[in-house]
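The block underneath contains the structure these notes are about, expressed in C-alpha cells.
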Amino acid sequence: MSAILLVTLLVTAAAGATAWTVKSRSRWQGNGLMVLLVAELLWAWLIVAAHGGGFPLPVWSAWGVSHLVVAGVGWGVARWMGDALPGVDGRGWFHLSTVVAAALMLSLGLGSAVLALGAWDRWRTWGAGVNDALIVLTVLGGAGVVLWVVTVVSMVVFLLQVRRGRQRRAPRDADAVVVLGAGLVADRVSDLLSCRCDRGAAAWRTLEAADPATTAPLIVSGGRGEDEPVTEAEAMHRYLAGRGFPRDVVLEERSATDTTENLHFSLDLLAGQGVAHPFIVVCTSDFHVMRTGRILEMLREERAGNGRPFDGVVLGAPTPKPSLPAAYLREYVALMIHRVLGRA
C-alpha cells in the first residue's frame, strides 16, 4: 500500500508540474520530457498495482514490449523529420520527445489490458474469494482499455476533420482575410507560419479574382513573444511583401497573444475602419482549424449579444512535414482540453 501511495503521489506531482510548464512555458524544450516522465510513472503505477494483485510478470512484459515499439516509433519519426533535428527553430528534439511521450502514453492501453486480463483470470480462479483489491484492479484495467479505445477513435475523427479543414475552399466574397500568427525563428516566420501566410494570400487572391476592385484587407495577427525580437505581425507582413504581395493591402494586428485575441483584435481593427457586421476568412494551420472554429463560434455569440455581429469561415494551411507529428498531437490534446474547459 505504501508503494502504490508513493507512486500515486509522484504521478500527481509530475502531472501538475507538466501542466504548469506546458501552460506557462509552452516553448520550453523540456516539456516533451516532462510528459515522458509522467508516462513512465504511470507505467510504474501499473506495475506496482499488478504486483500487489499477484500478477507482475505480464505487466513487466507489456512494459518491455511497449518500450521497444515506442523506440521504433521514435526512430521512424526522426527519419520522417529528416534534417529537422534540432530543426530550423531549434525545437526539433522537443517535437520528437513529444511524439515519443505520446506513443508511450498510448502504450498504457496495453498495460491496462494486461491488468484487466490478469484481474479477470483471478476472478475465474478465486471465485467467491475475490477481495477489494481485485475489484479495484478490474475496474481500473477495464477503464484504461475503454479510455484507450475512445482516445484512438477520437484521434482518427480529429485527423479526418483536419483534412476537411485543409481542403475547404476559400469563399469569393468577404470583408477581410485574417492570418493567425505562430512562433518565429529569430525575426523570420517559421515554415509553419509561412504556410499560413501563403494560404491567406491565396484566399485574398480569390477575393481579388472575383472582384478586382475589392477593398478587403489581409490582416496579419500576432504579438511579440518573450523570445521574439519583433512581433509576429511584422514578420508576416515582411514575408508577404517579399513574395510580391501588395503591402498596402496588409494590416498588422500586433497585440494578440492567443487565438481568441487574434480574432477579437482583428475584428476591432475592422470596426475601427468602419466595417460593420463583417464576414471574415480566417487562415491557420490545418490542425488548428477545429479549435479556431470553436473559438470563432463562441466569439460570434458573445459579440452578437453586444450588438457587434460578425460571421466567418476557417481555412486550413498544410503543416510542414517535420512539424506534423508533434503539431497534430499537441493540438489534439489542446482540443480535448478546450472541449472540457472551454479554453486551452
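The values are calculated or read from the model by the stated rules, or taken from the named source; none is laboratory data. Please read all numbers here as calculations on a predicted model, not as lab measurements. For neighbour counting, all protein chains shown are included, and Cβ atoms are generated from backbone atoms with ideal geometry for every residue, glycine included.
Quick check on my filter: what residues within the range 171-214 are among the small types (G, A, S) and more than 27 Å from the chain's Cα centre (by Cα)?
Those that are among the small types (G, A, S) and more than 27 Å from the chain's Cα centre (by Cα): A174, A209, A210, A213.
Evaluate the following for E208: is it surrounded by 13 or more Cβ atoms within 10 Å (Cβ to Cβ), more than 22 Å from P320 (Cα to Cα) and either of a type outside the set (F, W, Y) or in contact (Cβ under 8 Å) with a residue 24 or more places away in the chain (or both)?
Criteria met by E208.
What is the number of the single condition among (1) assigned by TED's automatic domain parsing to the domain that holds L335; (2) of a type in the set (A, V, I, L, M, F, W, C); (3) farther than 20 Å from N262 by Cα that L180 does not meet?
(3)
Kindly provide the set of residues from the range 284-319 that are more than 22 Å from V220 (Cβ to Cβ) and small (G, A, S), ordered by number.
Answer for the range 284-319, where residues must be more than 22 Å from V220 (Cβ to Cβ) and small (G, A, S): A304, G305, G307.
Name the residues in the range 8-34 that are of a type in the set (V, I, T), at pLDDT 85 or above and either in contact with a strand residue (DSSP E or B) (Cβ under 6 Å, 6 or more places away or on another chain) or more than 20 Å from V145 (Cα to Cα) (or both), would you?
Passing the criteria: only T12.
Just give me the residues in the range 152-184 being surrounded by 17 or more Cβ atoms within 10 Å (Cβ to Cβ) and among the β-branched types (V, I, T), in sequence order.
Within the range 152-184, V162, V177, V178, V179 qualify.
Please count how many residues of the range 204-233 are closer than 17 Å to L192 by Cβ and either at pLDDT 95 or above or not in a loop (DSSP other than H, G, I, E, B) (or both).
The qualifying residues number 4.
Can you pull out the residues in the range 172-182 that are in contact with a Ser or Thr (Cβ under 8 Å, 6 or more places away or on another chain), part of a loop (DSSP other than H, G, I, E, B) and either hydrophobic (A, V, I, L, M, F, W, C) or within 16 Å of D286 (Cα to Cα) (or both)?
G181, A182
Charged (D, E, K, R) and closer than 26 Å to R163 by Cβ - does that describe any residue in the range 266-283?
The answer is no; no qualifying residue exists.
Failed condition for V152, given (1) more than 30 Å from H51 (Cα to Cα); (2) modelled with pLDDT of 85 or more; (3) β-branched (V, I, T), with all others met?
The single condition V152 does not satisfy is (1).
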